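A quick write-up on the structure given underneath.
The values are calculated or read from the model by the stated rules, or taken from the named source; none is laboratory data. Note that the coordinates shown come from a computational prediction; the quantities given were computed from them, not determined experimentally. No Cβ is skipped: glycine too gets one built from the backbone with ideal geometry, and neighbour counts run over all protein chains shown.
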Amino acid sequence: MNTTRPTPDMQRELDAMYAVQMNVVTKDFGGGVLGLDDVTVGFRTGGITVLLGLSGSGKSTLLRHINGLHTPTTGSIRVLGRDVTRARGAELRDLRRDIGVIFQSFNLVGPMSVLENVCTGRLGSLRGPRLSLMMYPRSVRREAMEKLDRVGLADRAFQRADTLSGGQQQRVAIARALMQHPKVLLADEPVASLDPVSSLEVINLLQTISAEDDLTVIASLHQVQLAIDFADRIIGLRSGQVVLDQPTQGLSAEQASEIYSSVSGLDAVDASAPDAADSEVRR
């Protein structure tokens, strides 16, 4: 992306092309710690981008800037044609309704039914508390069932969420995110705690949903080969800087793994192995 300030006409064109635009973004946490360092990158509408990098490289920090959980020290961020860095209050809440998020830990309410967990995805657009499943409008419950059917779990709707396997819980979390009708989906290590079979099921599901809904997906992953198979594009981060930005077509696992070479001279990690160190600095 061009770092010069665009004209209004050019900005409209960029907004149509890119769901997310980060322009010369730096995040200084203080004490010499840069979470992001002069990052300029755009995420195309409807595309799937995977962030790769060691622990502390800036992957989670970048994701948290997109939905306004972090504010950059310098630079600007536009999401869906709106300036996140200036959004406050109701404007920021409105923007976040268009941004779904799924996490490594699923963040489901264990004792609650699967169906009610999915219904909570609509809380941001409903008024008043919802203390039980039947307090949600019938239309919301019906839609939640449709979302569960889409992720292959309609038959588990009335089961406690904490009785499901890890892969099933992540699919419930995806169904919950879809209840927002998001235009952008952020996936922070969505398969890090799953076995290889469940990981592939979740990744395939995200790939299908992105294609069917023209949904922009930005995910951080450990496994290099899985990332290449899943994404349209790989962005590699090291010490908060973009060191790789390349389409996955023609990109080898060996090339992508070079981003894991540390400044201390350690060899690149095995391209097929999960990055055990990638617990990411949670800021």
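Could you please let me know if Ala175 is within 30 Å of Asp28 (Cβ to Cβ), modelled with pLDDT of 95 or more and touching a Leu at 6+ places or on another chain (Cβ under 6 Å)?
Values: within 30 Å of Asp28 (Cβ to Cβ): no; modelled with pLDDT of 95 or more: yes; touching a Leu at 6+ places or on another chain (Cβ under 6 Å): yes.
The answer is no for Ala175.
Considering region 42-83, the residues that are surrounded by fewer than 19 Cβ atoms within 10 Å (Cβ to Cβ) and of a type in the set (A, V, I, L, M) include one that is modelled with the highest pLDDT, namely Leu80. In region 84-110, what residues are touching a helix residue (DSSP H, G or I) at 6+ places or on another chain (Cβ under 7 Å) and more than 26 Å from Ser210 (Cβ to Cβ)? Selection gives Val109, Gly110. When Arg96 is tested against (1) of a type in the set (D, E, K, R); (2) within 18 Å of the chain's Cα centre (by Cα); (3) closer than 16 Å to Gln241 by Cα, only condition (3) is not met. Candidates in region 122-136 are the residues that are surrounded by fewer than 12 Cβ atoms within 10 Å (Cβ to Cβ) and not in a helix (DSSP H, G or I); of these, the one that is modelled with the highest pLDDT is Ser132. Among the residues of region 186-204, at least one is of a type outside the set (Gly, Ala, Ser), within 17 Å of Ile48 (Cβ to Cβ) and free of Cβ contacts under 8 Å to residues at least 12 places away in the same chain.
Would you say Val24 is surrounded by 19 or more Cβ atoms within 10 Å (Cβ to Cβ) and β-branched (Val, Ile, Thr)?
No; evaluated as a whole, the condition is false for this residue.
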